[in-house]
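Asker: One structure coming up, written as structure tokens, with questions to follow.
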Amino acid sequence: MASDARGATNPMPRFPDGFLWGVSTSAHQIEGAADQRDPSVWDAFTAEPGRVKDNTTAAVACDHYHRYPEDVALLRDLGVGAYRFSISWPRVQSPGGLDFYDRLVDELTAAGVQPVPTLFHWDLPLSVETEGGWLRRETAERFAEYAALVAERLGDRISKWITLNEPAEHTLLGHALGTHAPGKQLMFDALPAAHHQLLAHGLAVRALRAAGVTDIGIANSHGPTWPASDEAADVEAAGFYDVLLNQLFADPLLLGQYPEGLGELMPGDVAADLKVIAEPLDWYGINYYAPTSVGAPQGADIEFGGYTFPAELPFSVREIEGGHPVTDFGWPVIPEALTELLTSFRDRYGDRLPPIVITENGCSYEGIDDQERIAFLDGHLRALHRALEAGVDVRGYFVWSLLDNFEWAEGYARRFGLVHVDYETLKRTPKASYGWLRDVLRAQP
Ligand code: FCB
């Protein structure tokens, strides 16, 4: 349960010296100022009625583009060492677009908060999508050119970089199921989008290193997959889901190979591409939210956790039994699954695994007195600490998110922020969890 950060009864354990504490956001979800950048796939997607549940768009979002000094002050007062944000490729493409990030990075540096940019958090320029997007190999090359351009401009003030956010979700939701932009429903024909994102990552790592960058990671989504029962069909289906979520991206990155049977489905000279994809990483970012229970297909579409999983998939996502609390999104709150995830990564990848950073962890709840969020974060930090005690090398933890924001196909209905945003007035109000985290950080070395 949540405790007072300084409380004598149940104090938060001490994390190692130099442990990096941060919060995360992404450009499309908070910036707004859509009239001052090129359009992205998300602008086109949200313009189609029914794609976003409340039919909202991110044209204004939190108006962070204009209010960034206030948001940086919130970061400074929270006491985090780092801020993970994303750079909008469509903004960089438009005249003067990089100037915004120049100002933001200066503001962060002056506030003593380390900037940690992600180069791609799902907002592909529409012009790149029109030419084929992630289904086309050239997009990977263009991404590396864009990465080099950004590093040239900001590299003097930024040491830590992230190439891509969650290529697994972007492939599954954006290209296989179509519930996210660009809205493609290709099912397993979406696999080339996975390969080209991985190739884009590897080429960008090379481009960033050529520009003098020495501290590079990627942020991937992972979570334990639990078979719905001991029955062979459920175990097999869960194993398949586990490959898609936990191995399809991590194996090429960390081992230089695809899980068995998947390399053959990828386009191009896969063996040569894998050498690029497996460029050694300085650290590996994990976005963790919840474990997934998976069983054999049930012959019908399944609505789960805000997503529709079509009947023809070779698995079905199930409720996790056991009376766990759930967030407003319906995601189960099971902190010990984070310990399990981290130790399973160490066991699977051994000395091929670089240090881990938790690049996202958080929950959606209504309300400013958000005691559930405090309990969630408290539980997950303790679970992370248990993984440290078990010998897993974790170097940092970033909460998703600083602000309530545009939660993709859910619109503004899901509130993940430590800071409440009133979307009428754009007023920011720190929630109880913001004060709790500030106290936890003050009590750390
Ligand atoms: C992750 C995304 C992030 C946010 C959280 C809730 O999958 O990376 O942008 O939407 O989920």
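Asker: Quick check on my filter: what residues within the range 15-57 are within 16 Å of the ligand (Cβ to nearest atom) and hydrophobic (A, V, I, L, M, F, W, C)?
Answerer: 23, 27, 30, 41, 42, 45, 52
Asker: Scan the range 378-403 and report the pairs whose first residue is on the phi < 0 side of the Ramachandran plot and whose second residue is of a type in the set (Lys, Arg) and crowded, with 21+ Cβ neighbours inside 10 Å, with Cβ atoms within less than 6 Å and a gap of 6+ or a chain change.
Answerer: Correct list of pairs: 398/84.
Asker: Let me ask something else. Exactly one of (1) touching a Pro at 6+ places or on another chain (Cβ under 6 Å); (2) at pLDDT below 95 is unmet by residue 10. Its number?
Answerer: (1)
Asker: Can you tell me which residue among 379, 417, 396 is open to solvent by less than 50 Å² (accessible area, probe 1.4 Å) and over 21 Å from residue 85 (Cβ atoms)?
Answerer: 379
Asker: When you go through (1) open to solvent by less than 40 Å² (accessible area, probe 1.4 Å); (2) within 16 Å of the ligand (Cβ to nearest atom); (3) in a loop (DSSP other than H, G, I, E, B) one by one for residue 328, which number turns out not to apply?
Answerer: Result: residue 328 passes all but (1).
Asker: Could you give every pair whose Cβ atoms fall below 6 Å, whose first residue belongs to the range 425-436 and is of a type outside the set (D, E, K, R), and whose second residue is buried (at least 16 other Cβ atoms within 10 Å of the Cβ) and not in a helix (DSSP H, G or I), counting only separations of at least 6 or pairs across chains?
Answerer: 426/63; 429/420; 430/419; 432/370; 433/370; 433/418; 434/418; 434/419
Asker: Can you name every residue in the range 363-422 that is out of contact with any strand residue (DSSP E or B) (no Cβ under 9 Å at 6 or more places or on another chain) and closer than 19 Å to residue 54 by Cα?
Answerer: 364, 365, 366, 406, 407, 408, 410, 411, 413, 414 - these are the residues of the range 363-422 that are out of contact with any strand residue (DSSP E or B) (no Cβ under 9 Å at 6 or more places or on another chain) and closer than 19 Å to residue 54 by Cα.
Asker: Here is a further query. Kindly list the number of the only condition in (1) closer than 20 Å to residue 407 by Cα; (2) open to solvent by 30 Å² or more (accessible area, probe 1.4 Å); (3) out of contact with any strand residue (DSSP E or B) (no Cβ under 9 Å at 6 or more places or on another chain) that fails for residue 308.
Answerer: (3)
Asker: I'm trying to understand the selection: among the residues of the range 318-347, which are more than 21 Å from the chain's Cα centre (by Cα) and without any contact (Cβ under 8 Å) to a residue 60 or more places away in the chain?
Answerer: Initial filter on the range 318-347 (more than 21 Å from the chain's Cα centre (by Cα)): 318-325, 347.
Once the filter is applied, which keeps residues that are more than 21 Å from the chain's Cα centre (by Cα) and without any contact (Cβ under 8 Å) to a residue 60 or more places away in the chain, the range 318-347 yields 319, 321, 322, 323, 324, 325, 347.
Asker: Do the conditions hold for residue 407, that is, is it surrounded by fewer than 17 Cβ atoms within 10 Å (Cβ to Cβ) and not β-branched (Val, Ile, Thr)? Spell out how you get there, then give the answer.
Answerer: Numbers: surrounded by fewer than 17 Cβ atoms within 10 Å (Cβ to Cβ): no; not β-branched (Val, Ile, Thr): yes.
No; evaluated as a whole, the condition is false for this residue.
Asker: Taking the stated definitions as given, is residue 284 within 16 Å of the ligand (Cβ to nearest atom), open to solvent by less than 40 Å² (accessible area, probe 1.4 Å) and over 30 Å from residue 229 (Cα atoms)?
Answerer: yes
Asker: Could you list, in sequence order, all residues of the range 47-72 that are without any contact (Cβ under 8 Å) to a residue 40 or more places away in the chain and out of contact with any helix residue (DSSP H, G or I) (no Cβ under 9 Å at 6 or more places or on another chain)?
Answerer: Within the range 47-72, 47, 49, 50, 66 meet the criteria.
Asker: Shifting gears a bit: Identify all residues within the range 248-274 that are of a type outside the set (A, V, I, L, M, F, W, C) and free of Cβ contacts under 8 Å to residues at least 24 places away in the same chain; write none if there are none.
Answerer: 251, 256, 257, 258, 259, 260, 261, 263, 264, 269
Asker: Okay, next question. Can you report the number of residues in the range 29-69 which are touching a Pro at 6+ places or on another chain (Cβ under 8 Å), open to solvent by 20 Å² or more (accessible area, probe 1.4 Å) and not acidic (Asp, Glu)?
Answerer: 4
Asker: Right, next: Pick from the range 152-195 the residues that are open to solvent by less than 10 Å² (accessible area, probe 1.4 Å), more than 16 Å from the ligand (Cβ to nearest atom) and not aliphatic (A, V, I, L, M): which of them is nearest to residue 246 (Cα to Cα)?
Answerer: Looking at the filtered set, the residue picked out is 195.
The values are calculated or read from the model by the stated rules, or taken from the named source; none is laboratory data. Just so we're clear, the structure is a prediction, and the values are computed from it rather than from any experiment. Neighbour counts are summed over all protein chains in view; Cβ atoms, including those assigned to glycine, are modelled from backbone coordinates with ideal geometry. When the accessible area is computed, the model is the full protein with side chains, heavy atoms only, and any ligands, DNA or RNA have been set aside. Shrake-Rupley method; radii C 1.70, N 1.55, O 1.52, S 1.80 Å.
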